[in-house]
Amino acid sequence: MKKQLVSLIVIITSICLIGIVITQLFWVRNAIDFKEEQFDNRVSIALKSVVNELQNAQSGGTKNNDQTITIGCQEACGMTSSNIADDIKPALLDSFVREEFENLGIHLNYKYGVFNKETGKFVIGKYQGFETEIMRSNHCTSLNCLWQSYMLSIYFPNESSWLHNQLSGWLIISALFLLVVIFGFSFTIFSLLKQKKLSQIKSDFVNNMTHEFKTPISTISLSSEMLMKPSVNVSPEKILKYANVIYDENTRLKNQVEQILRIAVLDKGDSHLKKEKINLHKTIEICYDNINMIVKQRGGIVNKELNAENYFIVGDEIHIANIISNLLDNANKYSSSSPIITIKTFNKDQRIFIAIEDKGIGISKAYQKDVFKQFYRVPTGNIHDVKGFGLGLYYVKIIVENHNGQIALKSELNQGTTFEINFPFLT
């Protein structure tokens, strides 16, 4: 799939997902507003019914008389008194409010009061401690039909939480669905990008492996052809020369195949480490001798600073030797002419540390977090002067961790690299 098409699909899908989330939030907000409006209307009807009950009580009527009852009044009816508290008893008003709320299914705790809107003075009701909230409440109605300048107002302390509780179930379900959709979308996109990257890495690995195998195979083929020529057969020196070339290239090819097979075994989890007591300094000396000859041929030097006092560990000697050789080989390969390599050991926190330093090309910080990944090789453009499959450091990390060890990397571009591994030493 083309990169542009994948990017376009991701962008369009992301926009659609954002649209779904915004739409869902819009409907949730509308549902809350509708619930609030519905509640406000019920409270308003209840208050106007209370006013009508008060009007009937003031005029001596009853709830079931034949007189047509008008809910609320828009104009003063001329029914005024010098003292409102003398016209109606608080218990009667309380019973009217409670009865109307029960009829309309309003079961919230409330505070109410009748107050003069000009003076702000409360005369009737259960308003103690909530005077300000009651006066500012949206649930109020005028009593001008009965008493000039007076208002009946209701305040619900738990109104907001009650409204949200009414929709909490739907809100939770909606939020869960949105989270599942977002998680599924994110996981799908992440998996798509990861698979795309992995596919590219594996493609690069196959191309690189083909190149690596092609060189020794071509050399072996060419040397074999030379051995079949009559002019070569009469010269033992030439036979030995080409035989050595075939042997060296065959060994190189064998080592490459074994490296790939080792990684395959590690990936399957079938590696069985033969752990035993190891003299780590002795193992390092063997690896040092091998790399020192190669480095000397390039005009370089390998320094040893084996200062650890406790250098015995429990591990698989073959694998331990392999990881040290891999790190030394990398230090040589990624150094320019005349490599300078230093291998150190020291003890710290009941562990033995092995540090392998070089003055080579270094690794950019942008790539340092990926160098231990399988098949990964630091990009070098189209230059193929450094060979490998991108498996060495992955193998090193796995083996170190299987020995209860740790590995760290310090590097500066064009300044050099230090790999530091540590294991618990044998006490």
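A short reminder: the numbers here are calculations on the coordinates, not readings from a lab. Small disclaimer: the values here were computed from a predicted structure and weren't measured. Please note: Cβ atoms are built from the backbone with ideal geometry, for glycine as well, and neighbour counts cover all protein chains shown.
What the table below lists for this structure:
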| quantity | calculated |
| --- | --- |
| Lysines with Cα under 20 Å of K111, excluding same-chain neighbours fewer than 8 positions away | K48, K89, K121, K126 |
| Loop GluC sites (Glu not before Pro), the range 112-165 (other Cβ atoms within 10 Å of the site Cβ: 14 or fewer; DSSP) | E118 |
| Difference of contour (0.36 nm per residue) and Cα-Cα distance, L108 to K238 | 36.2 nm |
| Extension gain, S337 back to I189 (0.36 nm per residue minus Cα-Cα distance, nm) | 48.8 nm |
| Likely footprinting exposure, W170, W147, W162, fewest C-beta neighbours within 10 Å first | W170, W162, W147 |
| Hull volume in cubic angstrom per residue (convex hull over the Cα atoms of the range 302-427) | 106 Å³ |
